[in-house]
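The values are calculated or read from the model by the stated rules, or taken from the named source; none is laboratory data. Computed from a predicted structure; not experimentally measured. Positions of Cβ are generated from backbone atoms using ideal geometry, with glycine treated the same way; all protein chains shown enter the neighbour counts. With ligands, DNA and RNA removed, areas are computed over all heavy atoms of the protein, side chains included. Shrake-Rupley method; radii C 1.70, N 1.55, O 1.52, S 1.80 Å.
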Amino acid sequence: MQKIRDFHYASIHQRQEFWRREGGRIHWETPFERTLDDSRLPFARWYVGGKTNLCYNAVDRWLPLQADRQALIWVSTEVDQERIYTQAQLHDEVNAVAAMLREQGVGQGDRVLLYMPMIPEAVFTMLACARLGAIHSVVFGGFAAHNLAQRIDDARPKVIVSADAGSRGGKVMPYKPLLDQALDLSQSRPAAVIIVDRGLAPAPLADGQWDYAELRARHEGARVPVTWLESSEPSYILYTSGTTGKPKGVQRDTGGYTVALAASMEYIFNGKPGETFFCTSDIGWVVGHSYIVYGPLIGGQATILYEGTPVRPDGAILWKLVERFKVNTLFSAPTAVRVLKRQDPELLRRHDLSSLRTLYLAGEPLDEPTARWIGEALGKPVIDNYWQTESGWPILSAQPGVERTPPRLGSPSFPTYGYDVRVIDESTGQDLEAGRKGVVAIVPPLPPGAMSTIWGDDERFVRTYFESIPGRQVYSTFDWGRVDDDGYWFILGRTDDVINVAGHRLGTREIEESISSHAKVAECAVVGVADALKGQVAAAFVVLKDPSQAEGADAMRALEGDMMRVVDQQLGAVARPARIRFVAALPKTRSGKVLRRAIVAVCEGRDPGDLATIEDPNALELIKESLK
Ligand code: ATP
Ligand code: MG
């Protein structure tokens, strides 16, 4: 593993040289004067003086090379439609939408808010904003009016682009009424609202609201010149998922992000121009920004935009798409794999998956049993990668484009180039040696592509991320981790989720891993609950592969005892949950993360607070009932 170590070393210790070279991957209209300005840490400016454009690097740059090659493949199993755009057609659409936004007065630095389902028009709009130097703020389509209003007030967009409706699991989800409500709730008044009418739900247009197709038709064949931005100018604002509380508006730069994505397409995803990339995330999340829209296109790859779930029409749909479009790289989330795990494994063998090189999974801990199951079922490498909205691209990952390293189950392998990651003691700020658990922190400067600041609030950026650990100005990920003797990293849960049981500090993830190793478990969540005697105790909630196995009090007791013994053996009696309860589902955010803070609140008899990001409120009711 020498190569990957040397590579990482160079990215930190010969930082300027390393990143100057990487800067050469993209088109600069004006070359940069300095690779890095770190005179005002923790603020870092990458590629100072350089002028570039995200849309140019994603779209225009590839025109002379592959104009007729597929660039954007849209498949919707929700409305049974698909549309394929070549590079040239994508270029046409983006130009037309840019002309349409320009007509509404959108220019450099203006914000455009997108509240859209997974349709090509959303991708065109993002790229059109980038073309104009406007700042997009994509709000996940599943959010309710109240969340949307908050984000409208924070971004103060000049234009909002939305749609009549989305669809999920075959059910139409109207968007327009939510948008109208949000506009009523918010203080900010956009100059125009543009609605894509998919013919799914009634969406009457009020004053200042326009039909997308009608406006679009006026700009057939339009050409809009690229607005060249200084590297540090913002490209977009994106809010964190809100798992731990109030979301933070992450501001991304332009040049550093373009370089970082271009580099990741080779080093992390080991891909080449002309390949096909399929990321199942949503454009409302960071993974969707970086690896549905920008990364693959910057890397000259075709990207698949998929509106649908992994189980409709059946559990083979992802594999069917891999076969049909000869997907080389698939990127999904552990939560999707856990859903598939409950399906017939035969579904994986029905399709020709020979084009597929690697499956990447990110977003939440990938437990060993799930990693093993999908790895064996696919017969392909599975790469767990760890990152955050803030980072914009993986912080920890295997990097097969640098060197092929043996995987270790449960570990997202190693820090990526540019990320000076440490495990530190949260009370002293000292680095901890291998084997010790602590906070995962990053020594500034953050590399290219990571957040530049919190939108409109530099002070909150510094305070939130760089001042949480006494005596040391490092970026806290607010995750808890450990490195093993061979240098493999493990994420043990969020710092909020560290449980202190009678003086022993335990990551909830460790206990979850242990319970998950029991053959009957599909998934589980462990939280720390206040306890008068021990300070805190662990409470576990388990979803069984076959729920009938916990029917009746005796069966339930026996199974609970069984699982407790597993934890006893693996982690010791201190880690043993006070109770293990069986539920049919876990409360999750819409991005698939377990809402632990809500579970803790319910367990402690408190109000769970803001549940706007919850996928299925009923799952929290099930937790409540299981406590009785
Ligand atoms: P908020 O910051 O608003 O509470 P969030 O942290 O869930 O929301 P994201 O930026 O979408 O918002 O998620 C990043 C977090 O997801 C990481 O900090 C980590 O806790 C978790 N995570 C992501 N990938 C992995 C992974 N591969 N293994 C373990 N945890 C992961
Ligand atoms: Mg976070």
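How would the stretch 502-627 be classified by its alpha-carbon gyration tensor: rounded, prolate or oblate, with rounded meaning a/c under 1.5 and the a/b versus b/c comparison settling the rest? Oblate shape, in that a/c is at least 1.5 and b/c is the bigger or equal ratio.
Taking θ as phi - 60° and the Karplus parameters 6.51, -1.76 and 1.60, the scalar couplings of the stretch 354-370 work out to 5, 6, 6, 8, 8, 9, 9, 10, 8, x, 6, x, 9, 6, 4, x, 5 Hz in sequence order, x denoting glycine and proline. Note on H27 and Q343: their simple-model spin labels are 3.9 nm apart, each label 7 Å out from Cα toward Cβ.
Among beta bridges identified by DSSP and lying wholly in the chain, the antiparallel ones come to about 60 percent. At a Förster radius of 22 Å, what calculated FRET efficiency corresponds to the Cβ-Cβ distance of Q473 and A434, to the nearest 0.05? Computed FRET efficiency for Q473 and A434 comes out at 0.35. Approximating the spin labels as points 7 Å out from Cα along Cα→Cβ, the E82-to-E459 distance works out to 5.3 nm. Approximating the spin labels as points 7 Å out from Cα along Cα→Cβ, the K624-to-R189 distance works out to 4.1 nm. Label point of K320 set 7 angstrom out along Cα-Cβ; within the stretch 350-391, amide nitrogens under 18 Å from it belong to 350-354.
Give me the percent of the accessible area of the chain that comes from carbon and sulfur atoms, probe 1.4 Å, all protein chains in place. C and S fraction of accessible area: 48 percent. Put simply, when 538-547, 248-257, 425-434, 367-376 are sorted by average Cβ atoms within 10 angstrom per residue, most first, you get 248-257, 538-547, 367-376, 425-434.
3J(HN,Hα) along the stretch 526-535, derived from phi through the Karplus expression 6.51 cos²θ - 1.76 cosθ + 1.60 where θ = phi - 60°, amounts to 10, 10, x, 10, 4, 9, 4, 7, 9, x Hz, with x in place of Gly and Pro. Highest-first packing order for the peptide set 7-15, 588-596 is 588-596, 7-15, based on the mean count of other beta carbon atoms within 10 Å.
Any idea how far the Cα center of the stretch 488-531 sits from the one of the stretch 112-181, in Å? Spelled out, the Cα-based centre of one part sits 36 Å from the other.
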